[in-house]
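Here the structure comes first, spelled out in structure tokens, and everything after it is commentary.
What follows draws every value from the coordinates through simple rules; no lab data is involved. These numbers come from a predicted model, not from an experiment. A quick note on method: Cβ atoms are made from the backbone with ideal geometry, for glycine too, and the neighbour counts reach across all protein chains shown.
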Amino acid sequence: MTTSADPRAELLRLRGSIDNLDAALVHLLAERFKCTEQVGRLKAHAGFPPADPDREAAQIARLRRLSEESGLDPVFAEKILSVIIAEVIRNHEAFAVGSGE
């Protein structure tokens with residue numbers, strides 16, 4: 001941890017970094033959902049089910065491995081991915097009802 005002679009300045013610097021990372025996360029999620037929207041439309045058009053439990057399980061296992069390698073709590077990472085997957089499935093179900101339109 002870097003310390004500064006002025007703790008308030010250091011706090012502002014760290015919060016600035018957090019703000020930048022939060023913005024990056026939002027942009028990455030938006031890009032991810034653009035891709036999953038295409039998947040949802042393709043699935044709906046092809047008559048595939050909105051959920052793919054095997055794919056979801058593989059992704060969760062992969063994310064847990066990546067989390068462990070990165071020093072992030074894998075339980076926390078799985079919770080985040082589970083929220084994302086639930087939203088993706090919800091979107092895919094909506095496409096299925098609308099026949100992928």
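Output the 0 to 90 degree angle, nearest 10, between the alpha-carbon long axis of helix 74-97 and the longest principal axis computed from the alpha carbons of the chain.
30 degrees
About the Cα centre, and with charges only on the beta carbon of Lys, Arg (+1) and Asp, Glu (-1), how big is the dipole of the chain? Nearest 20 debye, please.
Dipole size: approximately 80 debye.
Report the one residue of Leu42, Ser17, Ala77 whose Cα lies farthest in the direction of the positive end of the charge dipole of segment 7-97 (charges on C-beta: Lys and Arg +1, Asp and Glu -1; origin at the Cα centre).
Ser17
Under the rule of -39500 (n - 2.57) per DSSP H run of 4 or more residues, summed and divided by the residues of the chain, what mean residue ellipticity at 222 nm is obtained, to the nearest 500 deg cm²/dmol?
So the helix-based figure for the chain works out to -29000 deg cm²/dmol.
From Cα pairs below 8 angstrom and at least 6 apart in sequence, can you work out the relative contact order of the chain, rounded to a whole percent?
Details: 60 pairs, mean separation 36.2, N = 101.
Value for the chain: 36 percent.
If you take the square roots of the eigenvalues of the alpha-carbon gyration tensor of segment 7-97 and sort them as a ≥ b ≥ c, do you get rounded (a/c under 1.5), prolate (a/b over b/c) or oblate?
oblate
Out of every Cα pair in segment 1-58, what percent are spaced more than 14 Å from each other?
72 percent
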